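Below is one structure, written out as structure tokens, with a few remarks after it.
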Amino acid sequence: MEEDDNARGFERDETDQFHQAVRRLTDDGDRRAAMAGRRARRTLAEMVPGQSRQPVLRLTRPLTFTPTAPAGPVAGGPCTSCSGAGGRVVDTSEGGVTRQTWHSCIPCGGTGVAR
């Protein structure tokens, strides 16, 4: 029953209590600012007059790729595993019965083009 209640999310009375607490804090801040002869700042422009916003914090460095000599087949060229055929024919014939099956090349995904 509790899981079902939690799945429904916040109920109206919980959010009302939160909004009342925030309203009390802002009213208290406004009252304290007025007593000190100031006015509470509400917008970013009021908080930082004459300055622009700081850039977004990036937690990673930009990655740079410097190509070296190709480690394998050149991308876009023929696959070296299947020679551009996209796979190979496997012959399992025996006793006068011909059985040939096609197996796609795994490195190129059956396209015949190196990745």
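Please treat every number below as a calculation from the coordinates, not as lab data. Being a predicted model, the structure only gives us computed values, none of them experimental.
Going by alpha carbons, how many degrees (0 to 90, nearest 10) lie between the helix axis of 12-35 and the longest principal axis of the chain?
The answer is roughly 50 degrees.
Please list the non-local residues whose amide H lies under 5 Å from the amide H of Gly87, H modeled 1.01 Å from N, same-chain partners needing a gap of 5 or more.
Amide H neighbours of Gly87, under 5 Å, 5+ apart: Cys105.
Quick one: length gained pulling Arg115 to Phe65 fully straight, 0.36 nm per residue minus the C-alpha distance?
Values: separation 50, 0.36 × 50 = 18.00 nm, distance 1.70 nm.
Here the segment from Arg115 to Phe65 would lengthen by 16.3 nm.
Give the long-range amide H neighbours of Val113: residues separated by 5 or more places, or on another chain, with amide H under 5 Å away, using H modelled in the peptide plane at 1.01 Å from N.
The list, which skips near neighbours in sequence, is Cys79.
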